[in-house]
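Presented below is the structure to which this report refers.
Please treat every number below as a calculation from the coordinates, not as lab data. Keep in mind that what you see is a predicted model, and the values were worked out from it rather than measured. Glycine also receives a Cβ, built like all others from the backbone with ideal geometry; neighbour counts cover every protein chain displayed.
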Amino acid sequence: MKSKTALITGASVGIGRATALILAEQGYQLILLARRLDKLQELQNELSVASHLIACDINDHEALDQALQNLPQAFKDIDVLVNNAGLALGLNPADTADWSDWQTMIQTNCVSLAYLTHQVLPAMVARNTGHVINLGSIAGNYAYRGGNAYGATKAFVAQFSKNLRADLLGKQIRVTNLVPGIIGNTEFSLVRFHGDKDSANAVYQDCQALTPEDIAETIRWVVSLPEHVNINEIELMPTCQASGGLAVSKS
Ligand code: 8X3
């Protein structure tokens, strides 16, 4: 039987990389998309399944289209799309946040996630099979100081996921929004703090955050369920994290 194919964005590190490794164990062949070719090649060397690398910025839609059009025949039927590429930039309150940070988050987390989904979905519908897995965040479910535009992009991912399912009703195409809390061992905080290692490390100090493998394991589970089962959404937090409740400022 032909192996199933998964396309993973942001595949070079963190959740994307862990997902590649775990789906490879399940026998998936992989299309790995990320900007850094050297990191993708490193990952490819660890895999015992067939893989195809796309070294491109997900925000470069022309390059993305070209890469999709030029997929080798054996990789053309995408069974699972893992929309993992995304980022948070800054933790400043809205009035002092950097506008270009907001633009980059909206462009990557919303526009490019929607763009790639838009490009991949018609072939899934034509084959009447497929699974879109979106990486949301608890920042899209709960407000926190400095979460402003980042949280809003993840609220977009949550509603986009639900609306996809509404459009796909009656088709054998699944859509899942994974909603993780704090995850260690990724470049997430380093990127959020623009490379400031001390600030990034402080986020994970004295608490046991989720790991990329925890999320990858969840992805393994949702794709392994019988095809009539659609997990709409899963919210995960480590036990060291909880929502904080409402606050009142008194003068
Ligand atoms: C990442 C989780 O808690 O940093 O999306 O917003 S959090």
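Structural remarks
- Put simply, when 172-178, 198-204 are sorted by average Cβ atoms within 10 angstrom per residue, most first, you get 172-178, 198-204.
- Net charge dipole, the chain: roughly 560 debye, given to the nearest 20, about the Cα centre with Cβ charges of +1 for Lys and Arg and -1 for Asp and Glu.
- For the chain, with +1 on Lys and Arg beta carbons and -1 on Asp and Glu, the positive-most of Y150, I54, P226 along the dipole: P226
- Packing, as the average of other Cβ atoms within 10 Å across residues, places the peptides 94-101, 2-9, 61-68 in the order 2-9, 61-68, 94-101, highest first.
- Dipole-positive endmost among V191, L135, Q159 within the chain (Cβ charges, Cα centre): Q159
- For the chain, taking a cut-off of 4.7 Å between Cβ atoms, the unpaired cysteines are C56, C110.
- Choice from E46, E25, E217 showing the highest fluctuation, given a GNM over the chain with Cα pairs closer than 10 Å: E46
- Over the chain, relative contact order from alpha-carbon pairs under 8 Å, at least 6 apart, %: 19
- Where the Cα pairs of region 138-251 fall when distances are cut into 10 Å bins, in %: 12, 35, 34, 15, 4, 0
- Mean Cβ neighbour count within 10 Å, used as a protection proxy, ranking 158-171, 107-120 highest first: 107-120, 158-171
- Relative pair counts by distance (%), Cα atoms of the chain, 10 Å bins: 7, 31, 38, 18, 5, 1, 0
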